[in-house]
Amino acid sequence: MRMLYGKPNKGLVGVDISSTSVKLLELSVKNGRYWVESYALIPLQENSVVEKNILNPEAVGDALERVMNLANPQSTNAAIAIPTSMVIHKIIEMDADMTDDEREVQIRMDAEQYIPFPLDEVSLDFEVLPDRLANPARVNVLLVATRTENVETRVEVLELAGLTPKVADVESYAMERAFGVFADTLPMGVNTVGILDIGHTMTTLSVMQNGKIIYTREQVFGGKQLTQDVQTRYGLSFEEAGRAKKERSLPDDFDTEVLEPFLEALVQQAARSLQFFFSSSQFNEIDHILLAGGNANIPGLPKLLQQKLGYRVTTANPFLQMGFSPQVDIKKIENDASSLMVACGLALRSFD
């Protein structure tokens, strides 16, 4: 089975499933400008998705159905993302005059070189890259592969909610696509950008160079740690701690005793991720850091990261230059914007 479900039709909804929530976004283009037509985000019950593995498809499907009812999108065709950590990426060189069918046959013949598990368990796709090679008779081809079960579980969730799966993308590529719609709002001279996506259990650093993703690294650390710290400090259940954190109904010593140590740990994780990037590439600095994910809006985080890391830090908002349909709650979507990067990148597949 190919990883992508054919050519997407106009009117895809982007569906992003994380450890804590299900997000849906639908875009259109009017007079050369993107518009948000519909969007919704609702939380998932605990442990439905753990470290990006869907453990309870029925619960996730039910949540997605409720998201559909809230958003009321015009389309039921969907694009879904496979976590980057579950995907193998390889760039291979092939003859320029081969057809797509010939390329697929060749890739499958050579699959053992690229894919470390049985081919009958794999969904794959490929794309000819626009790179110019020294030999014009050759081209670079991007090969993307994942275990078929990673695709099938997400397809099951979409179908449980009454959606038709059209595209299975990769989270990092969706992030890159979303970045492209607001990259020109960054200061002049910003070419190398680190996107720090702070999720519930995972923090991911993606580095963009001239709008293209060149590096991704995940670490097991996220907002769940802060919830557990609140739980331990104040003797609350995990659910009570999460609610208190969200509503900011916490004792006066929360900032000094809980939040500040958590932020220091987060800064250390970010610094470590950057050092891994610098040590594995020719780069020794970046120009800008964007915060994304469900924990990007923690008070004081951008300022602290900027002070400790020495780079300008802002919060990602892919909707800065978009219009909004009347049914969209602008205040709510702008509050959620940093956690909608992947959903936005998926919805943009409508315009390929």
How big is the charge dipole of region 141-293 about its Cα centre, in debye rounded to the nearest 20, if each Lys and Arg gets +1 on its Cβ and each Asp and Glu gets -1 on its Cβ?
360
Listed by chain and number, the aspartates and glutamates with an alpha carbon less than 16 angstrom from that of Lys332, same-chain partners under 8 positions apart left out, are Glu26, Glu37, Glu247
Select from Leu263, Val167, Leu143 the residue farthest towards the positive end of the dipole of the chain; place +1 on Cβ of Lys and Arg, -1 on Cβ of Asp and Glu, and compute about the Cα centre.
Leu263
Measure nothing fancy, just the Cα-based angle from helix 100-109's long axis to the longest principal axis of the chain, in degrees from 0 to 90, nearest 10.
80
So the compactness index of region 186-315, its C-alpha Rg divided by 2.2 N^0.38 Å, takes the value 1.12
Specify the angular offset, from 0 to 90 degrees and rounded to the nearest 10, of the alpha carbon long axis of helix 57-71 from the longest principal axis of the alpha carbons in the chain.
80
Listed by chain and number, the aspartates and glutamates with an alpha carbon less than 16 angstrom from that of Lys52, same-chain partners under 8 positions apart left out, are Asp16, Glu149, Glu152, Glu156, Asp169, Glu171, Asp197, Glu218
For the chain, with only Lys/Arg (+1) and Asp/Glu (-1) charged at the beta-carbon, what is the dipole magnitude about the Cα centre, in debye rounded to 20?
920
With the Cα gyration tensor of region 173-231 in hand, convert its eigenvalues to equivalent ellipsoid semi-axes via √(5λ) and list them largest first in whole Å.
27, 12, 9
Students often forget the sequence filter, so: which lysines lie under 16 Å Cα-Cα from Lys245 once same-chain residues fewer than 8 apart are removed?
Lys224
I want to check the label-to-label distance for Glu149 and Leu119. Put each point 7 Å from Cα in the C-beta direction and report it in nm to one decimal.
2.2
For a quick check: with amide H placed at 1.01 Å from N, whose amide H comes under 5 Å from Ser21's, ignoring anything fewer than 5 positions away on the same chain?
Leu44
Using the alpha-carbon atoms, what tilt in degrees (0 to 90, nearest 10) does helix 260-279 show relative to the longest principal axis of the chain?
20
Rounded to a whole number of µm²/s, how large is the Stokes-Einstein D of region 95-210 at 4 °C and 1.567 mPa s, given Rh as the Kirkwood radius over C-alpha pairs?
74
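Every number here is computed from the coordinates shown, using simple stated rules; none is lab data. These numbers were taken from a predicted model, which means no experiment stands behind them. Cβ: placed from backbone, ideal geometry, glycine included. Neighbour counts: every protein chain shown.
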